[in-house]
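Just so you know, all these numbers are worked out from the coordinates, no wet-lab data involved. Note that the structure is a prediction, hence the values are computed from the model and not measured. Cβ atoms come from the backbone with ideal geometry, glycine included; neighbour counts cover every protein chain shown.
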Amino acid sequence: SSNIDSPQQGQALPKFLSIEEIDRLIIAATNHPGIKGKRLLAMVELMYATGMRVSELVELPFAAASRDPQMLIVRGKGSKERLVPL
């Protein structure tokens with residue numbers, strides 16, 4: 001019985017927001033006044049539409065959109081780059 005391997009434990013699934021939580025974020029961003037509200041709404045909608053992580057968005061350089069206006073070059077976990085369609 002000492003030669004029997006124990007079952008492997010699965011990795012925890014990533015945490016994600018519910019539709020209601022996303023709706024609340026979009027409403028809050030829409031109700032935020034001025035240019036900061038517009039920026040916040042654009043950030044929330046971009047993350048929602050593309051599946052980007054917050055860290056990927058805040059570290060996104062301007063050059064990420066300079067090659068193709070319909071794609072972003074996103075550097076994710078482990079410094080891996082991927083193309084994200086807009």
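For ALA49, state whether it is within 22 Å of PRO85 (Cβ to Cβ), without any contact (Cβ under 8 Å) to a residue 40 or more places away in the chain and exposed (fewer than 12 other Cβ atoms within 10 Å of the Cβ).
Details: within 22 Å of PRO85 (Cβ to Cβ): yes; without any contact (Cβ under 8 Å) to a residue 40 or more places away in the chain: yes; exposed (fewer than 12 other Cβ atoms within 10 Å of the Cβ): yes.
For ALA49, the condition - within 22 Å of PRO85 (Cβ to Cβ), without any contact (Cβ under 8 Å) to a residue 40 or more places away in the chain and exposed (fewer than 12 other Cβ atoms within 10 Å of the Cβ) - is met.
Is one or more of the residues making up segment 17-27 among the hydrophobic types (A, V, I, L, M, F, W, C), closer than 25 Å to LEU72 by Cβ and part of a loop (DSSP other than H, G, I, E, B)?
Within segment 17-27 (the criterion being among the hydrophobic types (A, V, I, L, M, F, W, C), closer than 25 Å to LEU72 by Cβ and part of a loop (DSSP other than H, G, I, E, B)), the answer is yes, since at least one residue qualifies.
Which of the residues belonging to segment 11-31 are aliphatic (A, V, I, L, M), within 17 Å of the chain's Cα centre (by Cα) and surrounded by fewer than 12 Cβ atoms within 10 Å (Cβ to Cβ)?
Applying the first criterion (aliphatic (A, V, I, L, M)) to segment 11-31 yields 12-13, 17, 19, 22, 25-29.
From what's left, within 17 Å of the chain's Cα centre (by Cα): 13, 17, 19, 22, 25-26, 29.
Within segment 11-31, LEU13, ILE19 qualify.
Checking VAL54 against (1) surrounded by 13 or more Cβ atoms within 10 Å (Cβ to Cβ); (2) of a type in the set (Val, Ile, Thr); (3) without any contact (Cβ under 8 Å) to a residue 24 or more places away in the chain: exactly one of these is not met. Which one?
(1)
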